[in-house]
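The values are calculated or read from the model by the stated rules, or taken from the named source; none is laboratory data. Computed from a predicted model, the values in this text were never measured in an experiment. Because the Cβ atoms are built from the backbone with ideal geometry, glycine has one as well, and the counts that use them run over all protein chains shown.
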Amino acid sequence: MYTAELIFRITQGRPQIEKDAAVGIVMGALWENGQILDPGPPMTVTARRYRAFVSIPERTSLDAKQNSPAARKRLAALKRQGLARPEMKVLGKDRGQLDPCECSQPGNYILSTAWFDDRWTSPVQCGDCFLPVPLYRIPATQEPMMGNAPAGHWSLLQWEHYHRACEGFWLRSHPLMGKEDARTPERYAVRQLERIDSGLIKCGRRFCAMIEESTGRPTYYALTRLGDARSVRKEWLRPCPACGGAWLLDQPWHGRFCFRCEPCRLVSEIAGNAREHLRPKGNAKAQRGKGAEKQV
Ligand SMILES: [Zn+2]
Ligand SMILES: [Zn+2]
């Protein structure tokens, strides 16, 4: 990830409010396309120019070839709004941040948020290197339930925010509110994050299907597994929550996902307390059934 500066020079004396809106709309279009990672970056304004300091996934994220049709349209409109097309300067690499996937053709994708990790991630990871995939490399994903949402990845980014909000409810409610008051948001969050029929998971799986259709690559939804299992043995033996088939892998995929169901395009971690125990002997073989296929 890099930090870059975008400079919008003012060319005509249009009203300030119009220029503010024009710059904001361009930033929004770049964000919806995954070219910048913050929809409201720090920005300074003088009589001559706007300067925005943005985080971008890679050096070339702001190259014209990455622009979506919406971004191209917004950039072209700047001239009549009294602004020149922005100049871009890469200021340097962000230390400690993840680099994006560099695979020329990822074999598959994983939809997941890394809530334990505040470093930048795209909600889409490469299934080969497990690094984030900048969203502009993926055709637009439009969630039909979100009606007139802008094109691009706007609704996928809304889904990611909703996912992270649920993770926040689960993780942060308790210490802030005490056990009793935290119960309601915690339960809601657990239902959304873990239950296969929750709105969050249904919506996320629709995005997986869209990405798979447009890229031709299998796209897995990463189910969240919160807390400890009541029974470690049952945790190892639990079936795929969508089809009831066996989905335990011989080895965790990317060291993280112990379960994967090919037909349902689902992967899952194992509960923390089960991970510390050896799997019950013979169960990997016994688990081989309609849901389990060879590892990718
Ligand atoms: Zn990759
Ligand atoms: Zn399944």
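Would segment 95-118 turn up any residue that is without any contact (Cβ under 8 Å) to a residue 12 or more places away in the chain and either within 16 Å of ligand 2 (Cβ to nearest atom) or aromatic (Phe, Trp, Tyr) (or both)?
Among the residues of segment 95-118, at least one is without any contact (Cβ under 8 Å) to a residue 12 or more places away in the chain and either within 16 Å of ligand 2 (Cβ to nearest atom) or aromatic (Phe, Trp, Tyr) (or both), which makes the answer yes.
Just to check your reading of the model, which residue among 112, 55 is over 14 Å from the mean Cα position of the chain (by Cα) and crowded, with 16+ Cβ neighbours inside 10 Å? Spell out the reasoning first.
Working: 112 fails: over 14 Å from the mean Cα position of the chain (by Cα).
Result: 55 is the single residue among 112, 55 that is over 14 Å from the mean Cα position of the chain (by Cα) and crowded, with 16+ Cβ neighbours inside 10 Å.
With respect to the numbered conditions (1) at pLDDT 85 or above; (2) within 16 Å of ligand 1 (Cβ to nearest atom), which one is the sole condition not fulfilled by residue 296?
(1)
Looking at residue 7, is it at pLDDT below 95 and either among the aliphatic types (A, V, I, L, M) or outside the structural domain of residue 88 (by TED's automatic domain parsing) (or both)?
Numbers: at pLDDT below 95: no; either among the aliphatic types (A, V, I, L, M) or outside the structural domain of residue 88 (by TED's automatic domain parsing) (or both): yes.
No, not satisfied.
Is segment 179-193 home to any residue that is under 26 Å from the mean Cα position of the chain (by Cα), modelled with pLDDT of 90 or more, of a type in the set (D, E, K, R) and not in a loop (DSSP other than H, G, I, E, B)?
Scanning segment 179-193 turns up at least one residue that is under 26 Å from the mean Cα position of the chain (by Cα), modelled with pLDDT of 90 or more, of a type in the set (D, E, K, R) and not in a loop (DSSP other than H, G, I, E, B).
Within 16 Å of ligand 2 (Cβ to nearest atom), at pLDDT below 95 and more than 22 Å from the chain's Cα centre (by Cα): does that describe residue 237? Step through it out loud before you land on a result.
Details: within 16 Å of ligand 2 (Cβ to nearest atom): yes; at pLDDT below 95: yes; more than 22 Å from the chain's Cα centre (by Cα): yes.
Taking the combined requirement at face value, the residue satisfies it.
Answer yes or no as to whether residue 246 is in a loop (DSSP other than H, G, I, E, B) and modelled with pLDDT of 95 or more.
Values: in a loop (DSSP other than H, G, I, E, B): yes; modelled with pLDDT of 95 or more: yes.
The answer is yes for residue 246.
Identify, please: which residue in segment 115-148 is crowded, with 16+ Cβ neighbours inside 10 Å, modelled with pLDDT under 85 and of a type outside the set (S, T, N, Q) and is, among those, farthest from ligand 1 (Cβ to nearest atom)?
So, considering only residues that are crowded, with 16+ Cβ neighbours inside 10 Å, modelled with pLDDT under 85 and of a type outside the set (S, T, N, Q), the one farthest from ligand 1 (Cβ to nearest atom) is 143.
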